[in-house]
Amino acid sequence: MIRIGASIAIDKHLDQLEAVLNIFMVTALIGLVASANNNKEMDILGSKIDTESAYGVASWVFDGAFLFIAQMFWKAGDLLLACDGDEVDKANTALFTHKWLFNPFSYTGHNWASNANCAIGASLFVLSWWFGLASLAVLAAKTSDGARDTTDQILLGFYILFGICSIVGICRLFGIVSDKIGNMVPSETSAFRQSVAWKSVAILLATLLGWRLYYAFANIGM
């Protein structure tokens, strides 16, 4: 059953990832805007919350989002791992061509332009995590007396942990895809690995840019 419907399931997983990351991005943006405008209240998932006490709530939302994202990447890898025959091609196609702008698995061609274009999704995904961290940094500064309790520190630790788990899930899925391609079309393995190399460079650049973004919000201010 899993093998037959894997491509459909993977497509649905990516739909869910897109929806959750959209909610995450909107929440992070609301936090930044509310803090920049010194709003007394901000809206998180339809609830009005005092900006000074929003850090904890935002942390719970961000942790939940990236825990879900990490799980979806791992499940997608399991689904692809269970595939064989024609279903592998269908599953890979669903993974490579999904419309999600932040899709880290986008793959459409062998030339350098296609590889660079397909690396955008991976870089944007990494930047989204840093964007969330920057939002938390600004909200932390708005917390009464700039103080955060132990629970808030633990939530921040989980946010970092789930972000790392998401990257591990992506790398695992890339490895599974590479193995599947190597078993079915060995000649395509080199081209796919070149695409992964481009994505790796894009992720590194996004990490550097994201760190600069976080540093600006955490230490310089708006």
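Laid out as a table, the results:
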item: Cα-projected label distance for residue 211 with residue 12, points at 7 Å along beta-carbon direction, nm; result: 4.0
item: Selection of trypsin sites (Lys or Arg not before Pro), the range 64-127, meeting DSSP coil and at most 11 other Cβ within 10 Å; result: 99
item: Flagged links, alpha-carbon separation over 23 Å, of 12/99; 12/48; 48/142; result: 12/48
item: Rg to Rh, two decimals, where the range 104-222 supplies the alpha carbon set and Rh follows Kirkwood; result: 1.12
item: Helix 112-142 vs. the chain, principal-axis angle (Cα, 0 to 90°, nearest 10); result: 20
item: Calculated [θ] (222 nm, deg cm²/dmol) that DSSP helices of n ≥ 4 give over the chain, each run adding -39,500 (n - 2.57); result: -27500 deg cm²/dmol
item: The chain - Rg (one decimal) and Dmax (whole number), Cα, Å; result: 19.0, 60
item: Length-normalised contact order for the chain - Cα pairs under 8 Å, 6+ apart - percent; result: 29
item: Cut-off 14 Å between beta-carbons: net charge of the residues surrounding residue 126, Lys and Arg +1, Asp and Glu -1; result: +2
item: Angle between the chain longest axis and helix 86-97 axis [Cα atoms, degrees, rounded to 10]; result: 40
item: Principal axes of the range 80-167: Cα extent on each, largest first, Å; result: 58, 32, 17
item: Straight-distance crosslink candidates among lysines, where the alpha carbon sits under 20 Å from residue 180 and sequence neighbours closer than 8 are dropped; result: 75, 90, 199
item: Nearest-ten-degree value, helix 150-184 long axis tilted from longest Cα axis of the chain; result: 10
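Values quoted throughout were computed directly from the atomic coordinates according to the rules given, and no laboratory measurement underlies them. This is a predicted model, so every value here is computed, not measured. Every residue, glycine as well, gets a Cβ built from its backbone with ideal geometry; the counts of neighbours run over all protein chains shown.
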